[in-house]
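One structure is given here, and the rest of the page talks about it.
Throughout, read-outs are computed from the coordinates displayed, never taken from laboratory work. The structure presented is a predicted model; accordingly, all values stated were derived computationally and were not measured. Ideal geometry is used to build each Cβ from the backbone, glycine not excepted, and the neighbour counts take in all protein chains shown.
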Amino acid sequence: MRYNFYVSILTCLWSTLVFSQLDSIQTLNEVLVVDRQIKTFSTGQLVFDFSKTELQNSPGTLTDFLQQETTLFLKQNGYGMVSSPSFRGTTAQQTAVVWNGFNINSQFNGQTDFNTLLVDGFDELSVRAGGGSVAYGTGAIGGSIHLKNEMRFDGETEVEINSRYGSFNTLQNLAKVSTSNDTWSLSMAISRLSSDNDYDWPNTNRQNVNGEFEHHNLNLNLSTKLKRKNTLTYHGMYYNGDRHFSLLFPTDNKSKYLNEDHRHALTWESDFQDFKSVLKMAYFDEKYQYIANIDTPNPAESHAKTALSRYSLHYNIKDFDFNFLSEFNYSSANGDDLVEDYRTVTAFALLAKNHFQKLTSEVSFRQEFSNVYDSPFLFSTGLNYDWFEFFSTKMNISRNFRMPTFNDLFWENAGRTDLKPEISNQAEISGILQTKSKNLKISVTGFYNDITDMIRWIPAENAVWKPENVDEVETYGLESHIHFQQDFNQHKFRANASYAYTISENKLTGNQLTYVPKHKLTSGLVYEIQKFKLQLQGIYNGELYTRSSNLPNDILEDYVLLNFIMTYQIPIFQNFTISAQVRNLTDEAYQTVENRPMPGRHYFINMNINI
């Protein structure tokens, strides 16, 4: 390794610790729960919750936030370009993104581009590692990311205005307002992020050309309490993006990608003492245009629509929780490269949980029926056991899956409707140590995941690439998290560290999958005194392979990134803070995708007003 000095810095931070939220659930008065599954039925798994305050203090994209706060590896085709995760050694399509209880991965490619989601438009973000297909369906194999909006009925009105400006003419603005009384609640957030993104490529005489982008997000949430314990809630999210794609070589054509997403969800919840009835209806509209040469635009475009209805019946009796779920999903798509077609999915699930003294147990089942593929029978079982006041264990075993996407099924002259879903059988076990004062918390998790029928696009006749169920993969490894905090009069210290060791191998060849680092370490230190706060963040990503052959020439080298943030609260205006940030403090030259350099040292200044 070339970075013994930097690694030793991060190891020191590890040993002194930093600030991740470990399996915590905040208790808030008069808040409507929009996703009962993640709160109630995650037995045997760790859930990491990040609060609204943490999201406010970390403006940027979902990629920026998760790569620092979690063990996910995020690969980007240059900063701000397409971003996809690797969660416990799985693919981007095997990570589910769940918005207010709904899986929003693309119908076209089965994944979410994490650079198209701005975190400050949401009130809470949760990360759950491991399988979740029983509750959330396709793609929840490596883990799931949950974006949530609170519906509060506390009579409070809050206004947030945030503005960030920095290197490469990067500008981000947010206006967010929420208000309520005891019968209705309203929140709305409007945000914009743009950048020339013309950074110099470190250690070269080249600049990032044609990398500019502009994102617009709108989130609208409205809830009203009706008579007889009925609540009607609307969640809406709109995204519009105009993103150019950085050139690999100066002679390449300049291309760009335009996409527009509408997401609407309506929920009717009825409370009948031990029973809760929840009816949800949703509509998603997904549209994109790809322009291969902006000088002679001839866009290729596709359009997908999804209508979804879901009914859940929750029942609580003494120490038992039950949830019966039924769901119907209709999706259609068409485009210049797609054969116009549709897909239907009908699903039934039963989730059950029991509390008995120190033991909590859970068992869940799901079966889907589709018009274009045969769905497997899914299950999940989990245990939590509190051995002592300071030590507990968790264990989970589950079967999960990922359905073929519209591109896999209906790509013109290449798609195949006889594809099978990817199947995952996995197990994990965790130990959690927490002091009585809760100022120190440590967790260690071991996991194993066996994946069959993985879909890969491979060359066929006449040099045409087609999808096939060809790969069998096993992933296994270890994750650990440490959180520490201590206050001394006016001095406040927080520290955390997270480490993941991941093996993700093709069973046939024994080779590590591409773009899966075996090692990732994140850490940070936070020090506060009166109106000042200082933060030091660190990320270490180990070397990884860019090709399945795993040859020495196919390696991207390991790297260390350090970020420094200083925040000051203006004494005259108690709700006004200003912060300055230096990213990539040591001006490290690094890539997350081959031949796609990331920025060197760069700077941001951020102003935030809360009223």
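Quick notes
- Cut-off under 5 Å, modelled amide H: who pairs with Met151 long-range: Leu32
- Size of electric dipole in the range 4-610: Cβ of Lys, Arg +1 and of Asp, Glu -1, about Cα centre, debye, nearest 20: 1440 debye
- Surrounding net charge for Trp387, when Lys and Arg each add one and Asp and Glu each subtract one, Cβ distance under 13 Å: 0
- Ranking of Asp418, Asp113 by neighbouring Cβ atoms within 10 Å, starting from the fewest: Asp418, Asp113.
- Ordering of 419-425, 560-566 by packing is 419-425, 560-566, highest average first (other Cβ atoms within 10 Å, averaged per residue).
- As a proxy for reagent exposure, ranking Tyr568, Tyr476 by other Cβ atoms within 10 Å from fewest up yields Tyr568, Tyr476.
- Cross-link pairs exceeding 23 Å in C-alpha to C-alpha distance, out of Lys394/Lys420; Lys75/Lys256; Lys39/Lys358; Lys148/Lys420; Lys39/Lys438, comprise Lys394/Lys420; Lys148/Lys420.
- Other residues lying with their Cβ under 13 Å from the Cβ of Ala580 contribute a combined charge of +3, Lys and Arg counting +1, Asp and Glu -1.
- Mean separation of Cα contacts under 8 Å (6+ apart) over length of the range 464-503, as relative contact order %: 42 percent
- Taking the Cα centre of the range 530-611 as reference, the dipole from Cβ charges on Lys and Arg (+1) and Asp and Glu (-1) amounts to some 520 debye.
- All Cα-Cα distances of the chain, cut into 20 Å bins from zero to the largest, leave 19, 57, 24, 1 percent in each bin in turn.
- Amide H to amide H, with H built 1.01 Å from N, Trp99 comes under 5 Å of Ile104, Leu147, counting only residues 5 or more places away or on other chains.
- Amide H contacts of Lys507: Glu472, Val473, Glu474, each under 5 Å away and 5 or more positions distant or on a separate chain (H built 1.01 Å from N in the peptide plane; Pro and chain starts excluded).
- Derived scalar couplings between HN and Hα for the range 471-477 equal 9, 10, 10, 10, 10, 7, x Hz in order, rounded to whole Hz, by the Karplus curve 6.51 cos²θ - 1.76 cosθ + 1.60 (θ = phi - 60°), x for Gly and Pro.
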